[in-house]
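Working notes for the structure below.
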Amino acid sequence: MNKKLFVATLAATMLTGAAFAAAVPVTDINEGQSKIGVEYSFNQSVSDESGHADGFGANLQTALSDKLALQYAYSKVNLDDQSDLKDHQLAAVYEIHPNVNIYGAGTYIKADGDHETGMQAGVIGHVPLTDKINGYAKVGFGNDIKNTYQIGAAYALNDDLDLNVYYQYDKYSVDGDRGTVKGLHAGVGYNF
């Protein structure tokens, strides 16, 4: 199957059916390489919610050149009141230094029947900690809809498969209602 057709099919599938709580940021950009990831978020602390929430889902990224990549992520956090916080994001990521990427993204957030659209921009720093572990940090600021702070690490099982774990803190504003979601995430990524 043609690689571009395969990537387009995966993206369409994710647009219509995936659900998760966040995405590992794009750190390694190599032209022609794509990556799909699945994640589970657990023990999420959500403002105005009792107990803790969880989520699950997927993300897809593809490098258009050795400096530019696209990443799509659809996130969902399961809330107590039988509603969900859903967050779609399409980001363009550009490498400005071997250890630093910048990004700009369009975001659509829906919660409790309300929704908002907005933009987010940020920076991703990443560094090899060992020959198999890559550490990363991400900070993103939006136009009052979403701010993101993330720190984590990915462990390479081999050239194609990695495990990741990270902590993420998101501040949301949907139709004037402000809230936060923070907690741990773990997942797996596959490069192709």
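The values are calculated or read from the model by the stated rules, or taken from the named source; none is laboratory data. Being a predicted model, the structure only gives us computed values, none of them experimental. Quick reminder, even Gly has a Cβ in these numbers, built from the backbone with ideal geometry, and neighbours come from all protein chains shown. SASA here: full protein model, heavy atoms, side chains in, ligands and nucleic acids out. Shrake-Rupley method; radii C 1.70, N 1.55, O 1.52, S 1.80 Å.
Could you please put 126, 88, 115 in sequence from largest to smallest accessible area, using a 1.4 Å probe? If you can, show how the numbers build up before the last one.
Values: 126 20, 88 50, 115 95 Å².
Largest to smallest exposure gives the sequence 115, 88, 126.
222 nm [θ] for the chain, helices only, -39500 (n - 2.57) per DSSP H run of 4+, per residue, to 500? Intermediate values should be presented prior to the final figure.
Numbers: 1 runs with 15 residues, N = 192.
Computed mean residue ellipticity for the chain: -2500 deg cm²/dmol.
Can you give me the angle between helix 3-17 and the longest principal axis of the chain, using Cα atoms only, in degrees from 0 to 90, rounded to the nearest 10?
Here the helix axis deviates by roughly 10 degrees.
What is the extension gain from residue 132 to residue 165, computed as 0.36 nm multiplied by their sequence separation minus the C-alpha to C-alpha distance, in nm to one decimal? Intermediate results must be reported in sequence, preceding the final value.
Numbers: separation 33, 0.36 × 33 = 11.88 nm, distance 1.39 nm.
Full-extension gain reported as 10.5 nm.
Need the list of lysines near residue 76 for cross-linking: C-alpha distance under 22 angstrom, and skip anything on the same chain fewer than eight residues off.
Here the lysines satisfying the reach criterion relative to residue 76 are 35, 86, 110, 138, 146, 171, 182.
Over 21 Å, how big is the tail of the calculated P(r) for segment 101-167, in percent of all Cα pairs? Can you show the working numbers first?
Numbers: 905 of 2211 pairs.
Percent of Cα pairs beyond 21 Å in segment 101-167: 41.
What number, in percent, do you get for the relative contact order of the chain if the mean sequence gap of Cα pairs under 8 Å and at least 6 apart is divided by its residue count? Present the calculation step by step, with values, prior to reporting the outcome.
Working: 534 pairs, mean separation 35.7, N = 192.
The value is 19 percent.
I need the per residue convex hull volume for segment 41-192, using only the alpha carbons, in cubic angstrom as a whole number.
Details: hull volume 15.5 nm³, N = 152.
Roughly 102 Å³ of hull volume per residue.
Computing the accessible area with a 1.4 Å probe over protein heavy atoms, can you report the carbon and sulfur percentage for segment 79-192? The partial results should precede the final answer.
Working: 3380 of 5740 Å².
So the carbon and sulfur contribution to the accessible surface is 59 percent.
With labels modelled as points extended 7 Å from the Cα through the Cβ direction, what inter-label distance (nm, one decimal) is found for residue 54 paired with residue 190?
2.2
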